[in-house]
1. Quick check: Cα centre of the range 244-289 to Cα centre of the range 73-148, how many Å?
2. How long is the gain from residue 255 to residue 230 if the chain were fully straight, where each residue apart is worth 0.36 nm and the alpha carbon distance is subtracted?
3. Would you list 284, 187, 124, 253 from fewest to most Cβ contacts within 10 Å?
4. May I ask for the net charge around residue 122, where only other residues with Cβ less than 13 Å from the Cβ of residue 122 are counted and Lys, Arg are +1 while Asp, Glu are -1?
5. As a quick test, which of the pairs 114/142; 142/176; 109/264; 149/172; 224/270; 230/252 have an alpha carbon distance above 19 angstrom in this structure?
6. Going by the alpha-carbon gyration tensor, a ≥ b ≥ c the square roots of its eigenvalues, is the range 73-184 rounded (a/c under 1.5) or, if a/c is not under 1.5, prolate (a/b greater than b/c) versus oblate?
7. Taking 51 Å as R0, compute the FRET efficiency from the Cβ-Cβ separation of residue 68 and residue 220 and round it to 0.05.
8. What net charge do the residues around residue 227 carry, taking every other residue with its C-beta under 15 Å from that of residue 227, with Lys and Arg at +1 and Asp and Glu at -1?
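Nothing in this text is a laboratory measurement; each read-out follows from the coordinates by a stated rule. Note that the structure is predicted; figures quoted are calculated from it, not measured. Cβ coordinates were reconstructed from backbone atoms using ideal geometry, including for glycine residues, and neighbour counts include every protein chain displayed.
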Amino acid sequence: MLLLTRRFSSVLARSPFLARCPLPPRAVPTTAPASRPPPRRLMSSSSSGWHHSSPPPPPPPPPPSSSSDKDQLFRGLEAALGTTFSSDPLAPPPEPMIIIISGPSGVGKDAVIKRLQEEREEIHFVVTATSRAMRPGEVDGKDYHFVTKEEFLTMIEREELLEYALVYGEYKGIPKQQIRDYMAKGHDIVLRVDIQGAATLREILGESAIFIFLVAESEDALVKRLIHRKTEAPDMLLVRIATAREEVRRMKHFDYVVVNAEGKLEGAVKQVESIIDAEKAKIHKRRLRI
Ligand SMILES: Nc1ncnc2c1ncn2[C@@H]1O[C@H](COP(=O)(O)OP(=O)(O)OP(=O)(O)O)[C@@H](O)[C@H]1O
Ligand SMILES: Nc1nc2c(ncn2[C@@H]2O[C@H](COP(=O)(O)O)[C@@H](O)[C@H]2O)c(=O)[nH]1
């Protein structure tokens, strides 16, 4: 430290900055401090305590004011350390992550993901494959890859799916290649699956992915939301609602729970974004293995 201070002092001694802002003479010792006796201290006559017998040290030099002074100081510090200051980022670059968004039918998974995609372009939502018929308003390749049952079975045979399940009587599955392609480009990946799909993915991905459980504020709100969506006949509605009761019990196997309350879609999306940001800032990151 003493050596560094000396070197810095000698570098600055050659700089015009020093001419204007001289270092205090006693700030940089020129002889080893061990050879100097400790300063004598005297008891003050006042009741305020101890005082040094030596005069007070001179005030520190004023901070550099002009940009050339600051530049001189910067270069002086570099010279004192004997290396240039690097402008490389100090934090490692964030690695792509896999985020699984699951929850009971009708809770708002698709709605949350749609808004999330609008907010974060770097996120890729994996379009899953399904054997179910297209609903009015759905787009092939955007909502799902709509395939026949035979085509789906071929995908299973060829081991093209990371996970697949029979969901309400129809096949649903995640194409592996899509994940690989987008991760290679540095994108974060969002997967939307039902609860059984999330359980399978936990077995495959373990702690390397982030599992978010989306819930409505109450069962009552969830049922009203499903009725309002008008996509299911009453018998199928009953199946989805009965299944939802069971599914809520699986919440404890997830990493996070996010409440998507009635009329509060934006709040739920913000919370998912906060989770992603916090996970990105983690020092001991999740190591992805797929
Ligand atoms: N916060 C919210 N407040 C009010 N309505 C909402 C909210 N979030 C979503 N919705 C509506 O609730 C319905 C169900 O949402 P969505 O289809 O996104 O659910 P989902 O979880 O993807 O369902 P599924 O699992 O059956 O595909 C939709 O009509 C959607 O517009
Ligand atoms: N296990 C999987 N579940 C999936 C997949 N893709 C979608 N889903 C889930 O299915 C239900 C029903 O969807 P719907 O569009 O018919 O209403 C819903 O919970 C989806 O999240 C998948 O690849 N695997």
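1. 14 Å
2. So the chain would gain 5.9 nm between residue 255 and residue 230.
3. 284, 253, 187, 124
4. It works out to a net charge of -4.
5. Values: 114/142 11 Å; 142/176 17 Å; 109/264 13 Å; 149/172 10 Å; 224/270 23 Å; 230/252 30 Å.
Beyond 19 Å between Cα atoms: 224/270; 230/252.
6. Values: a/c = 4.19, a/b = 2.70, b/c = 1.55.
Cα axes put the range 73-184 in the prolate bin.
7. Working: r = 69 Å, r/R0 = 1.36.
Working from the Cβ atoms, E equals 0.15.
8. On the way: positive: 224, 225, 229, 230, 240; negative: 219, 220, 232, 235, 262.
So the surrounding residues net to 0.
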